[in-house]
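Below is one structure, written out as structure tokens; comments come after it.
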Amino acid sequence: MKENGRNEKSCKEIQGLIPRYLSGNLSLKEARAFTGHLKKCSDCREEIEISYLVDQGIARVESGETIDLHADLETMLTDTEEAIQRLTQFSTAVYLIEMTAVFVLIACVLILWIF
């Protein structure tokens, strides 16, 4: 998906995140951008498949495990998307609770100021 310089740069950035993704060290914002990009970019998708093969496949083969790397990677990406959704919902809930607390505090201050 290298139609212009902007996408090419995005690919380089995304491909640079692959090792951190595979080790589970991306922030929520990075993970969201990472998975979103992979849905649209076959080049980066191929890169993560190769990296996943090197990172996970070789160790699993050496241990004698039978593996389906494509299915395992798909599961990992799906799990990431579900985690992003849960964290986003949690962040929204926390924000709403914080805003409610601020409004209650303002109401208390106004009540005390009036009386």
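Bear in mind that the values in this text are calculations on the coordinates, not laboratory data. Note that the structure is predicted; figures quoted are calculated from it, not measured. Glycine gets a Cβ as well: all are built from the backbone with ideal geometry, and neighbour counts include every protein chain shown.
FRET efficiency for the Glu81 to Val104 pair, using the beta carbon distance and R₀ = 30 Å, is estimated at 0.30. Entry note, the chain: relative contact order of 22 percent, from Cα contacts under 8 Å with a spacing of 6+ residues.
Please grab the % of Cα pairs in the range 5-89 that end up more than 20 Å from each other. Cα-Cα pairs of the range 5-89 separated by over 20 Å account for 33 percent.
Dividing the helix sum by the residues of the chain, where each DSSP H run of 4 or more adds -39500 (n - 2.57), gives a mean residue ellipticity at 222 nm of -27500 deg cm²/dmol. Residues of the chain were split at every exposed loop site, defined as GluC sites (Glu not before Pro) in a DSSP loop with at most 14 other C-beta atoms within 10 angstrom, and the longest piece left, sites excluded, is 4-64. Computed from label points 7 Å out along Cα-Cβ, the spacing between Glu13 and Ser63 is 3.4 nm.
Using only the C-alpha atoms, the convex hull of the range 40-115 corresponds to 128 Å³ per residue. At q = 0.24 Å⁻¹ the log10 of I(q)/I(0) for the range 61-105 amounts to -0.82, computed by Debye summation with a single uniform scatterer per C-alpha, solvent ignored. Among the cysteines of the chain, Cys11, Cys108 have no other cysteine beta carbon within less than 4.7 Å of their own. Dipole check for the range 1-106: with +1 at the C-beta of Lys and Arg, -1 at the C-beta of Asp and Glu, and the Cα centre as origin, the magnitude is about 560 Debye.
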